[in-house]
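Values in this text are rule-based calculations from the coordinates and carry no lab data. Only a predicted model underlies this, so the values are computations on that prediction, with no experimental measurement involved. Positions of Cβ are generated from backbone atoms using ideal geometry, with glycine treated the same way; all protein chains shown enter the neighbour counts.
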Amino acid sequence: MGKFTFHETFIKDLYVVEPTVFADQRGYFMETYNDEFAPYVKHLDGTLCQYVQDNESKSQKGVLRGLHMQLTKPQGKLVRVLQGEVYDVAVDARKGSKTYGQHYGIVLSSENKKQLLIPEGFLHGFAVLSETAVFAYKCTRLYAPGDEFGVMWNDKELNIPWPVAEAEAILAEKDKKNHDFRELSEVLGR
């Protein structure tokens with residue numbers, strides 16, 4: 001029996017992953033990653049790859065990180081919440097995709113233990129819903145700051161229903177200067 005259930009979303013190759021949780025009066029145990037992921041972790045060209053970098057962040061309520069992607073060195077990600085709760089969003093920015101520009105949002109929390117497997121070629125971001133949240137993610141490529149591209153979290157074309165009021169969103173300085181989604185389409189030649 002597998003340790004994970006992979007639920008494909010309406011966007012091809014984007015999966016919600018539910019681990020098998022073994023719980024009793026002492027607490028719980030679960031695997032968060034193993035070789036069952038191997039057929040799902042791919043580069044944009046379809047070749048299989050591995051995760052090469054793990055990241056972790058801690059943020060306070062109202063922090064909104066994103067929407068980010070790398071243009072020529074795209075990162076696929078496996079994301080989860082270790083403590084707290086976030087609203088996580090992935091936007092399909094794969095050139096030629098039938099769902100280009102569509103987004104998928106899900107609440108990830110330490111309680112529901114769900115993960116989101118995001119393929120390369122997606123914008124990604126999240127908003128913290130709890131007082132604090134610790135967020136962890138695996139990446140298929142190393143972070144390349146000069147290759148990063150950001151789209152405004154509240155882009156009107158994307159129309160993402162974030163559960164954070166615009167006046168309450170806490171953004172990094174770089175995210176206040178992100179681009180419109182239309183500009184990403186121009187950069188990608190879409």
By average Cβ neighbour count within 10 Å, what is the ranking of 32-43, 165-176, 89-100 from highest down?
89-100, 32-43, 165-176
The chain: calculated mean residue ellipticity at 222 nm from DSSP helix runs of at least 4, using -39500 (n - 2.57):
-1000 deg cm²/dmol
Relative contact order, percent, the chain [alpha-carbon distance under 8 Å, six or more residues apart]:
27 percent
Residues of region 153-190 with amide N under 16 Å of a point placed 7 Å along Cα→Cβ from residue 72
187-189
Amide H to amide H, which residues 5 or more places from residue 179 or on other chains are under 5 Å from it, using H placed in the peptide plane?
150, 151, 152
From the C-alpha gyration tensor of the chain, square roots of 5λ in Å
26, 21, 14
Could you give the length gained on full extension between residue 168 and residue 99, defined as 0.36 nm per residue of separation minus the Cα-Cα distance, in nm?
21.8 nm
Can you compute the modelled spin-label distance between residue 34 and residue 180, with each label point 7 Å from Cα toward Cβ, in nm?
4.9 nm
Is region 101-181 rounded, prolate or oblate when judged by the Cα gyration tensor, a ≥ b ≥ c being the square roots of its eigenvalues, rounded requiring a/c under 1.5 and prolate requiring a/b larger than b/c?
rounded
Of the cross-linked pairs 42/95; 12/138; 42/98; 73/95; 138/177, which ones have a Cα-Cα span greater than 24 Å in the structure shown?
138/177
Where a ≥ b ≥ c are the square roots of the eigenvalues of the C-alpha gyration tensor, would you call region 1-46 rounded, which needs a/c under 1.5, or, failing that, prolate if a/b is larger than b/c, or oblate?
prolate
